[in-house]
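Structure, as structure tokens:
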Amino acid sequence: MTVAAIILLTCTALIPPAAAGYRRSAGTHARTSIADIGAAVAIAVLAAIAALLALPTAAASDTTLVIARVVSTAAAVTCGGTLVRAVLFAGGVGRVDTTPPDSPEADSPAPDAPGPDTPAADEGPLRGGHIIGYLERLAVVGSLHAAWPAGLAVILAVKGLARYPELRSPQASEQFIVGTFVSVLWAAAMFGLAQLIIT
């Protein structure tokens, strides 16, 4: 059962690259969101099955311990971004209103013309989120595998201080909070899954 759990966890880690290929070819936001939600559901189902398979296992050998930790770390790092995008989409964070201003559904006046200090429309409120997310999840899983849970406080403090200047916008702060929670919870869950496989 341990081998089956590790194989499922490996498959889980490989879902985001496949979804990324689809997102690149899709081209529209709606298809991208569907791909993210579908990938997130597949990731959650495979991880849950891997956890169920890991429950009745005996103590792992040293080789299995290393493999389980490496694979769980890979799943934490690669899958977290997909889950964050799916949760943000499901929660309506970051959606752009595409209703034309002269439409009957438009209930607010058109926004002012952008000025020189206004960021471009295609520029997200939090730049560098993918790379920061990868590093954050790697650091979270690494500190938990190293039996240093206090490292989580350090990681979150550094991230919060680094992002502080960008968090003035309500959308950016909501994206930051939700994204960080999902990312850290997923990384902790992958650590827990590795512990289930190991013990």
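Odds and ends about this structure:
- Odd one out for Ile43 among (1) touching a Cys at 6+ places or on another chain (Cβ under 8 Å); (2) within 17 Å of Thr199 (Cα to Cα); (3) β-branched (Val, Ile, Thr): (2)
- Only one entry in Arg168, Arg95, Arg137, Arg127 is of a type in the set (Lys, Arg), in contact with a Phe, Trp or Tyr (Cβ under 9 Å, 6 or more places away or on another chain) and either at pLDDT below 85 or over 30 Å from Leu65 (Cα atoms) (or both), namely Arg95.
- Residue in the range 176-185 that is at pLDDT 85 or above and farther than 17 Å from Glu136 by Cα present: no
- Within the range 44-79, if we keep just the residues that are among the hydroxyl-bearing types (Ser, Thr, Tyr) and exposed (fewer than 13 other Cβ atoms within 10 Å of the Cβ), the residue that is farthest from the chain's Cα centre (by Cα) turns out to be Ser61.
The values are calculated or read from the model by the stated rules, or taken from the named source; none is laboratory data. The shown structure was predicted, so the numbers you read here are calculated from the model rather than taken from an experiment. A quick note on method: Cβ atoms are made from the backbone with ideal geometry, for glycine too, and the neighbour counts reach across all protein chains shown.
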